[in-house]
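The values are calculated or read from the model by the stated rules, or taken from the named source; none is laboratory data. A quick note: this is a predicted structure, and the numbers were derived from the prediction, not measured. Using ideal geometry, Cβ is built from the backbone for each residue, glycine included, and neighbour counts are taken over all protein chains shown.
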Ligand code: UTP
């Protein structure tokens, strides 16, 4: 087994414009949209913490300052909750509080794509393997996806991407893998293509928003190669490392919700509300009443 450095840094690219959620995202960052009462970014942070991440690097942009406020300690709010004896809420704020110095920010000055966003964090990333988490991909399951991947990365090293099968007509929305038949959940990757047309896609095994990357990917990104959609694609930089630092796909165990799309976000909202003991019964009754054919009003 190859000896791997521990993965302790995660990059959260949150500089995208979130156009699919306009007009809401005109002033509210997509990553702060809540699933019930927790913003998407909170799920991503908790997944990273569970995987042993200690340094959290957010790549932000103009209009995203609400995210920085969200990640900051709010003493006035804590004091108000304390005075009002709202101990549960106070405990929740303490639970999610980020340790001092654990959060760093890099700025993406222009929305030039996911690859460019990751590259903007290069000086903060340094020379060890690092994780990338896209907060709009929410993955639920008994073992957090990134934790599964950190364990798998200990076996394969190099670059590791989260993979799942998607409907053949959806391949044009994803990076698609050409993978060797694998043992268990890991497969060596021999090709990768961003947003292929259905007839040129090598498979329907898609990359979703969790990565563990070798710093060599940052050197590939430095070439600033423009890819699909006129953007600097992370997929292309990882693909360039096939045969060098190496690339594996990992079929994670868990349910993934595409919260970057309206339908996926609504599905996640319903699923997460139904998981909540304090909401489940009322919400189930509410859904049943909505689903019932309505009697026409007179
Ligand atoms: P998306 O492709 O979902 O783009 O980005 P988006 O801008 O967030 O949303 P739409 O498509 O306009 O609705 C995937 C991830 O990459 C980040 C986004 O913030 C998101 O986490 N990203 C994308 C950047 O940080 N910078 C970019 O230039 C593009």
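List of remarks:
- Condition check for residue 44: within 13 Å of the ligand (Cβ to nearest atom), at pLDDT 95 or above, under 21 Å from residue 148 (Cβ atoms) and part of a helix (DSSP H, G or I): yes
- Residue 172 within 14 Å of the ligand (Cβ to nearest atom), more than 17 Å from the chain's Cα centre (by Cα), part of a helix (DSSP H, G or I) and under 25 Å from residue 230 (Cα atoms): yes
- Considering residues of the stretch 133-163 that are outside any loop (DSSP other than H, G, I, E, B) and within 16 Å of the ligand (Cβ to nearest atom) only, the residue nearest to residue 189 (Cα to Cα): 161
- Listed by first and then second residue, the pairs linking a residue in the stretch 21-39 that is more than 20 Å from residue 59 (Cβ to Cβ) and touching a residue at least 12 places away in the same chain (Cβ under 8 Å) to a residue that is assigned to a loop (DSSP other than H, G, I, E, B) and within 11 Å of the ligand (Cβ to nearest atom), with Cβ atoms under 9 Å apart and 6 or more places separating them unless they lie on different chains, are 35/259.
- Only residues that are within 16 Å of the ligand (Cβ to nearest atom), surrounded by fewer than 17 Cβ atoms within 10 Å (Cβ to Cβ) and not in a helix (DSSP H, G or I) were counted in the stretch 216-232, giving 3.
- Counted residues, the stretch 116-132 - those being more than 16 Å from residue 63 (Cβ to Cβ), in a helix (DSSP H, G or I) and near the ligand (Cβ under 10 Å from one of its atoms): 2
- Helices (runs of 4 or more DSSP H) contained in the stretch 233-298 and holding at least 3 residues surrounded by 14 or more Cβ atoms within 10 Å (Cβ to Cβ) and either within 16 Å of the ligand (Cβ to nearest atom) or within 17 Å of the chain's Cα centre (by Cα) (or both): 234-239, 262-274
- Residues that are surrounded by fewer than 19 Cβ atoms within 10 Å (Cβ to Cβ), within 23 Å of residue 112 (Cβ to Cβ) and in contact (Cβ under 8 Å) with a residue 60 or more places away in the chain within the stretch 176-215 comprise just one, 215.
- On inspection, residue 100 qualifies as part of a loop (DSSP other than H, G, I, E, B) and over 21 Å from the mean Cα position of the chain (by Cα).
- Within the stretch 192-203, being modelled with pLDDT under 95 and part of a strand (DSSP E or B) holds for 193, 194.
- The stretch 100-115 - residue that is touching a residue at least 40 places away in the same chain (Cβ under 8 Å) and more than 6 Å from the ligand (Cβ to nearest atom) and, of those, farthest from residue 234 (Cα to Cα): 102
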